[in-house]
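Scroll down for the structure; my scribbles are underneath it.
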């Protein structure tokens, strides 16, 4: 039993549709695939396959398009499995989802989606079992699985199992053959009969089960031979056939053999028809050479333009032949000659558009409708820059301006209300009060303290006593109908109960003492009128009240008295608790396409309409169902203005850029179908040996995909609504898992997935906010052999055997290791003993170092004492004697005595000079610097020899003296120290010194015939800091990177050998 309310609603809806008349919305066309790889220009065939992908056949090749990008199939002379031609005539999908491509010059192509390659059938003149000609026009599949192929020279039956063809040609002597070899179209009718259209021979039919053909000559039936050139065929709902010919459209009844040219007005030229399509509503669409797309109206028996605008204008097709059409789920795809592919949304919208167009009879003076007020007689429409006009809803005609005033006619009208005989219009510059077509104007005056404030007049609410006025700068005002003064209710900083802001956007009075006021950026106010007091709701107290936006665009009270708040950015809010002022939000989370809501109206069936800047939405608050209408739905007005909504008994009205949208009341909410969502590609990244990606364009055959363990792979997917707008996506790997949000990303990349099976599902949201999901794609992550069970068991056995063997080996190694450790222990003890000895030697060396330091200090002190003693004992006494002689001379009178004293003094000074020379020589002979090494040594040795009587022999090479200063000093000191040691300890009689040059070194050889000494004992004493002279000798040689050797034995003298770098 049918619910009476629903029946009434449906009847009202149907009546509204019948009343719409010629005011139907235009169908608009948009280019498709431009900039997305769909580079087809001359499009001869269109096909939407079983999966929802669009295939395009063109002179530029074959394309598969998914709304985001196109895959281009091109010939490749190096690939025998590539498509054979770029010039495409037709596309066809068989029952198994295989794509057949008819080419102009290179035969028939069959695309195997599993193998992703083409199989090509070409004509061979010497083989009668090949296709009759390489210029192929069409192909169809019969119920028995056989294929029929039409070419420009003959008809062919293909046996796909053997790849052979059975040819059928025209034979004028055999009426059971086809009527012409030039085959253009093939069609399988509802009874599985094969229909063949020809160019020049009319049409033919091969009935099911028959092996002969029946000819149907259209020229004989119509008297026009051009009607035998048939380019398109469709079967009508009544079983007849629509035929597109060079002369126009023919309705053909094969049983009665009746052929009628239809759709022409008297004197109208026949359009050449090259394509036909039937929509989901059963409308016949006609693609023509020069008139775009026409729609056949069976009731009027007339062609009508699908879009009445001139070809080439905005929203219309270009002025080019329409070669192909394909209808799919409310969308019409159109292929043109030279301008690519277009798409039109054929939504069954019961909406009227009023006030649009350039015709002054039906078009508003400005098409931006910013204010509406409706009653059952007229619709008052305010525009931004064109005043406010009366519009007859029934006829769609514009009648007059509300006020006969030139200034008013150019005003930007933002709000209109009517109360009894008064009409108020809020403008961008002030307030108009109109009565009987005469308008009175109120404008802000700086000296008028009782006048209206400045700013746009955004909202008006009329009562029996007066009118509330919301301004865009100075807050709220009140004016009685019959008085001139305005009372201000503005925001006052020091008064918390005043309005929350100055910019008023919308006003709603719900009872005699309650006024709701919305602001642009200061939230919502509920004001008590008497005494005046306001409460403020918005983001600052959102947790308490639930209002998330401070930008209020519209306030509306529905039929049940519930208050609705529209916001810019926060969605719409329904007041669900009047006492606590709690709001319920409706927005994108509930299925709306946007949270920017401009206005709200409730329908008589309880549904709500919410206008936005992207379209309009229908909301059922009980079932939470949403239906969004956008430009992609065929909606001609999509940008609606704030608060611009009204209604009468028949329509809901919404104003925006483009005019006024009229929605018949009682329009039911028909849920939008879920979009088709498909996985389009699985691509393995870095998969081959060259590091290139391995990608697979998935087909309808692919339900399972194997992935090697460790591969990084990405999955690409798409929403097949062909809106070319961003979509939202989410996915899950198994049905029991939660969905993972992806936002606008249409690709997800996986890596390190554990081996096993996954059921990948993807959900996509189309431009209407509806979610659809893919069929599960089974992803099998194949483990490598080393992760499989048999290998694990084999490895386990191997490991067990290995462990046992290793255990035994380890025991043997441990035993050997134990022996090694014992040996190492012995080595350790030895090392420790060596360390102890080294420590002992270090201690001795340290002790020697201290002794050496002490000896050095003692030697320095002794040298100082020696010098002091020499100076005091020798020079001091001599100087004293000299002084005395000089004093005595001062007392002498006789010259002879003075002379004697002077001679004595001179003798004493000579002795002093000799003493100073001896001291200086002992420290450093001056000849070493002045004359060189050898002269200094000779002088020094002569002095020593004279003093000591030691026989000293010096033998020196001529170039020894050419050494550096540092080398000369070192050699001299070595010899000096050696002589000192010989004199003190050796008891030698002869000392032989030899200096020679060997390359870059000076060789010093010092040898004596003295007592000798124990070299080891001497070295030990040197370590203890003794034998300061020898130690100094060793250090001097080491400091100049030289080498010295000491050789001696007791009783055999001693030898010193030194080699010093020059």
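The table below gives the values:
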| quantity | calculated |
| --- | --- |
| Scan of region 786-796 for residues that are without any contact (Cβ under 8 Å) to a residue 24 or more places away in the chain and surrounded by 10 or more Cβ atoms within 10 Å (Cβ to Cβ), ordered by number | 786, 788, 791, 792, 793, 794, 795, 796 |
| Scope region 946-961; condition modelled with pLDDT under 85 and either surrounded by 14 or more Cβ atoms within 10 Å (Cβ to Cβ) or under 60 Å from the mean Cα position of the chain (by Cα) (or both); matching residues | 957, 960, 961 |
| Elements of type strands (runs of 3 or more DSSP E) contained in region 479-550, each with 3 or more residues being under 26 Å from residue 561 (Cβ atoms) | 504-511, 514-519, 524-528, 533-537 |
| Filter result for the condition that a residue is at pLDDT 85 or above and either over 21 Å from residue 89 (Cβ atoms) or in contact with a strand residue (DSSP E or B) (Cβ under 8 Å, 6 or more places away or on another chain) (or both), over 312, 280 | 312 |
| Output for region 476-497, where each listed residue is more than 19 Å from residue 443 (Cβ to Cβ) and touching a strand residue (DSSP E or B) at 6+ places or on another chain (Cβ under 8 Å) | 489, 497 |
| Residue within region 203-215 that is in a strand (DSSP E or B), under 21 Å from residue 322 (Cα atoms) and at pLDDT 95 or above present | no |
| Matching residues, region 981-994, being farther than 18 Å from residue 1005 by Cβ and not in a loop (DSSP other than H, G, I, E, B) | 983, 984, 985 |
| Residue in region 378-385 that is out of contact with any strand residue (DSSP E or B) (no Cβ under 8 Å at 6 or more places or on another chain) and either buried (at least 24 other Cβ atoms within 10 Å of the Cβ) or over 24 Å from residue 354 (Cα atoms) (or both) present | no |
| Failed item in (1) surrounded by 17 or more Cβ atoms within 10 Å (Cβ to Cβ); (2) on the phi < 0 side of the Ramachandran plot; (3) not assigned by TED's automatic domain parsing to the domain that holds residue 373, with residue 427 passing the rest | (3) |
| Extreme residue, surrounded by the most Cβ atoms within 10 Å (Cβ to Cβ), among residues of region 963-980 that are touching a residue at least 60 places away in the same chain (Cβ under 8 Å) and assigned to a helix (DSSP H, G or I) | 971 |
| Selection within region 298-318 - more than 21 Å from residue 357 (Cβ to Cβ) and either surrounded by fewer than 17 Cβ atoms within 10 Å (Cβ to Cβ) or touching a helix residue (DSSP H, G or I) at 6+ places or on another chain (Cβ under 9 Å) (or both) | 298, 299, 300, 301, 302 |
| Selection within region 512-527 - over 15 Å from residue 489 (Cβ atoms) and either crowded, with 24+ Cβ neighbours inside 10 Å or out of contact with any strand residue (DSSP E or B) (no Cβ under 6 Å at 6 or more places or on another chain) (or both) | 512, 521, 523, 524 |
| Matching strands (runs of 3 or more DSSP E) fully within region 254-296 where at least 3 residues are within 44 Å of the chain's Cα centre (by Cα) and under 25 Å from residue 315 (Cβ atoms) | 273-278, 284-288 |
| Residue pairs meeting the criteria (Cβ under 6 Å; at least 6 apart or on separate chains; first over 19 Å from residue 879 (Cα atoms), in region 891-906; second in a helix (DSSP H, G or I)) | 892/898 |
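Yes/no matrix, rows are residues, columns are (1) touching a residue at least 40 places away in the same chain (Cβ under 8 Å); (2) under 31 Å from the mean Cα position of the chain (by Cα); (3) surrounded by fewer than 18 Cβ atoms within 10 Å (Cβ to Cβ); (4) farther than 28 Å from residue 376 by Cα:
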residue	(1), (2), (3), (4)
579	no, no, yes, yes
586	no, yes, no, yes
590	no, yes, yes, yes
615	no, yes, no, no
645	yes, no, no, no
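The values are calculated or read from the model by the stated rules, or taken from the named source; none is laboratory data. Note that this is a predicted model, so its numbers are computed, not measured. Cβ atoms come from the backbone with ideal geometry, glycine included; neighbour counts cover every protein chain shown.
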